[in-house]
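All remarks here apply to the structure that follows.
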Amino acid sequence: MPQQTSGTFTIVYNLFSNLGGPDLQFGMDFTLTCTTEAALCQLIFPATEVGMNKPGKWNIDNHQPAGSASSLVFAKAERGTIDDKPRELRGRNHGVMRTKFAVYQVDVAAMKLYTTGVKFSYSINTSDASPAVVFEGFERSDLPNEQRGVIALKCPLIKFS
C-alpha cells in the first residue's frame, strides 16, 4: 500500500472503487498516524453526502455533541491514529468529484487545537469512459479561516495554537 509522510504525519492508503452498474462507488481505506500520538481532529469536505456530512462544505468528521474539545476528535483517534474507510456513491457523467480532508492535533485537556496539520484528497472523474480514483497531495496545512470557523462552532471554547 502506498505511504506518504509530511512532518509528523504519515498516511498509508488504498484507493477503492466499484465501477459496476450505473452508479460509481469510490473512496479509500487509510490509516493516518501522528508521531506525537496526540488526539486528531479530521475535517472532511465530501463530494457527496456521506452520513451526516454535507457535500460542498467543511464538516467535523465526528458525530459527537458539540461543546467540548473531545467533540472535535475523530472516533478512536485519541492516541494519534485515524483509521477510516470513506465511501461515496455517484452516478456517471457528473464530472470530477473530489473529497478533501484536513487533520490537526487536539490537546483535549488544554482545550487547544494546533493549527498546523496535513491535507489530502481523492477524486474521480465520473465522466471518464474508465473512471479511476486518484489520490491527491499529502502536504502541510495551516488552518484556514473557513475551517477555523467550523471548529469554533463545534467547540466555542477551543483555543488555537
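Check whether at least one residue in the stretch 142-157 is under 18 Å from the mean Cα position of the chain (by Cα) and more than 29 Å from P65 (Cβ to Cβ), and report yes or no. No; the residues of the stretch 142-157 include none that is under 18 Å from the mean Cα position of the chain (by Cα) and more than 29 Å from P65 (Cβ to Cβ).
The set of residues in the stretch 115-124 being in contact with a Phe, Trp or Tyr (Cβ under 6 Å, 6 or more places away or on another chain), more than 12 Å from Q42 (Cα to Cα) and in contact (Cβ under 8 Å) with a residue 60 or more places away in the chain consists of Y122, I124. Pairing residues of the stretch 102-113 that are within 15 Å of P156 (Cα to Cα) with residues that are part of a loop (DSSP other than H, G, I, E, B) and aliphatic (A, V, I, L, M), at Cβ distances under 6 Å and at least 6 apart in sequence or on separate chains, gives M111/L157; M111/I158; L113/I158.
Test D128 against the criterion of being over 15 Å from A47 (Cα atoms), of a type in the set (D, E) and modelled with pLDDT of 95 or more, and give yes or no. In short, no. Condition first: under 22 Å from V12 (Cβ atoms), among the aliphatic types (A, V, I, L, M) and out of contact with any Lys or Arg (no Cβ under 6 Å at 6 or more places or on another chain). Can you find one or more residues in the stretch 67-74 that meet it? Looking through the stretch 67-74, at least one residue is under 22 Å from V12 (Cβ atoms), among the aliphatic types (A, V, I, L, M) and out of contact with any Lys or Arg (no Cβ under 6 Å at 6 or more places or on another chain).
Listed here are the residues, each with its yes/no results for (1) closer than 20 Å to Q147 by Cα; (2) polar (S, T, N, Q); (3) touching a helix residue (DSSP H, G or I) at 6+ places or on another chain (Cβ under 8 Å).
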position: T33; (1), (2), (3): no, yes, no
position: E37; (1), (2), (3): no, no, no
position: L40; (1), (2), (3): yes, no, no
position: V50; (1), (2), (3): yes, no, no
position: W58; (1), (2), (3): yes, no, yes
position: S68; (1), (2), (3): yes, yes, no
position: K85; (1), (2), (3): no, no, no
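Scanning the stretch 109-118 for any residue that is within 30 Å of G21 (Cα to Cα), within 18 Å of the chain's Cα centre (by Cα) and in a loop (DSSP other than H, G, I, E, B) turns up nothing.
Residues are listed down the side, and each one gets a yes or a no for (1) out of contact with any Gly (no Cβ under 8 Å at 6 or more places or on another chain); (2) surrounded by 18 or more Cβ atoms within 10 Å (Cβ to Cβ):
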position	(1), (2)
Y13	yes, yes
E37	no, no
L40	no, yes
E49	yes, no
L72	yes, yes
A77	yes, yes
P86	no, yes
S127	no, no
A132	yes, no
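Report whether or not G149 is part of a strand (DSSP E or B), small (G, A, S) and surrounded by fewer than 16 Cβ atoms within 10 Å (Cβ to Cβ). Answer is no for this residue. The residue that is nearest to the chain's Cα centre (by Cα), among those in the stretch 59-106 that are of a type in the set (K, R) and under 15 Å from A39 (Cβ atoms), is K76.
The values are calculated or read from the model by the stated rules, or taken from the named source; none is laboratory data. All values derive from a computational prediction rather than experimental measurement. A quick note on method: Cβ atoms are made from the backbone with ideal geometry, for glycine too, and the neighbour counts reach across all protein chains shown.
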